[in-house]
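One structure is given here, and the rest of the page talks about it.
FYI, it's all coordinate maths here, none of it is from the lab. Note that the structure is a prediction, hence the values are computed from the model and not measured. No Cβ is skipped: glycine too gets one built from the backbone with ideal geometry, and neighbour counts run over all protein chains shown.
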Amino acid sequence: MKTLGIDLGGTKILAAVVEEGKILASQRVSTPQTGASDVLDAMAEAARVLLERYPTVKDIGVGSPGPLDLKEGRVIFAPNVANMTNVYMVRDLKTRLGNEFNIVLENDANAAGFAEHLYGAAHAWHSSVFITVSTGIGAGLYVGDKIVHGAHGSAGELGHISVMPRGPLWGDGHGGTLESMASGRAMERDARYAMNHPELTTRDVFALAAQGDSKALKIIDNAAFFMGVGMANMQKIFDPEGFVIGGGVSLQGDAYLDKVKSYYNELTENYPRAEIQLAQLGVDAGVIGAASVALYPNRGL
Ligand code: BGC
């Protein structure tokens, strides 16, 4: 059955018609930085273009950064999307697209992890932790092949755990969260500060590191260390069969990933460990997962 997925990210919105985990058609637009109403308009417009081509599609899944309130279909706040606070995503998309659509909301990392569970790297596992490292950091927890939601739908907000209390203040209003220490945005901030250059990007940091730049190497090492801390903590709480790592930063190659693994190993010494795999569906995991949650209302196999 064909369903539509919409993956809302800090920099881009990707919508796609998906069948059996395969993308049939997609639309990609930049995420407006001018507030929630413009973001919803852009999401609806991307969806409309695809729905005109596939008029039988009535089920839509939305993957959004959170924390979310799943019962109300509401984004409580999305730290990396400008002015996304208290947004009734399901209601407001229905207003724009029509009440005939069944629209379900899911956390973007949960959705991506669900896709990896159904079609990708976590397929053989019954318990896994999916982690996305990109502009932000998020996680999807699977136990017994089902997404763990928690009471409100905000379980697995790995990016917001405290790894350095009172460290750099972040978008969620707290200092020293994992996202503030180890995300793509954190690396960018550190590079701009340490190298005194206001336009450096995370990509530049990796390019400079490849040339042996010592500050860039330290920034990556620091981010990888805190990611290792986050994963070791997850290991001890969930003891999953495996971790799947996705998101833009994970695509930067072994230099980063080998460090993450070595810190994870160091911090789980004497404990059972999980396998670590890269996401197989790459950057499409989010949109395929969003489309899949519309197919599986229980978010389980
Ligand atoms: C959000 C998470 C999301 C992650 C990746 C974080 O800022 O709080 O819900 O999964 O970014 O987009």
Quiz item: For Glu72 and Thr56 in the same chain, what is the full-extension length gain: residue separation times 0.36 nm, less their Cα-Cα distance, in nm?
Solution: 3.1 nm
Quiz item: Quick one: length gained pulling Glu266 to Ser37 fully straight, 0.36 nm per residue minus the C-alpha distance?
Solution: 77.9 nm
Quiz item: When the chain is fully extended, how far beyond the present Cα-Cα distance does Asp221 get from Gln280, taking 0.36 nm per residue of separation?
Solution: 18.8 nm
Exercise. Count the net charge of all other residues whose Cβ sits under 14 Å from the Cβ of Gly21, scoring Lys and Arg as +1 and Asp and Glu as -1.
Key: -2
Quiz item: Based on DSSP, what percent of beta bridges with both residues in the range 33-186 are antiparallel, to the nearest 5?
Solution: 70
Quiz prompt | Among Ala209, Asn222, Gly9 the positive-end extreme of the charge dipole of the chain (Cβ point charges) | solution = Gly9
Quiz item: Could you give the Stokes-Einstein D for the range 1-112 in µm² per second, using the C-alpha Kirkwood radius, 20 °C, 1.002 mPa s?
Solution: 157
Quiz item: Any idea how far apart Arg203 and Asn83 come out in nm if each label point goes 7 Å out from Cα toward Cβ?
Solution: 2.7
Quiz item: Hull surface divided by four, with the convex hull built on the Cα atoms of the chain: how many nm²?
Solution: 14.7
Quiz prompt | Inter-probe distance in nm under a simple model that places probes 7 Å from Cα toward Cβ, at Arg273 and Ala124 | solution = 1.8
Quiz item: What is the distance in Å between the Cα centres of the range 238-259 and the range 1-78?
Solution: 25
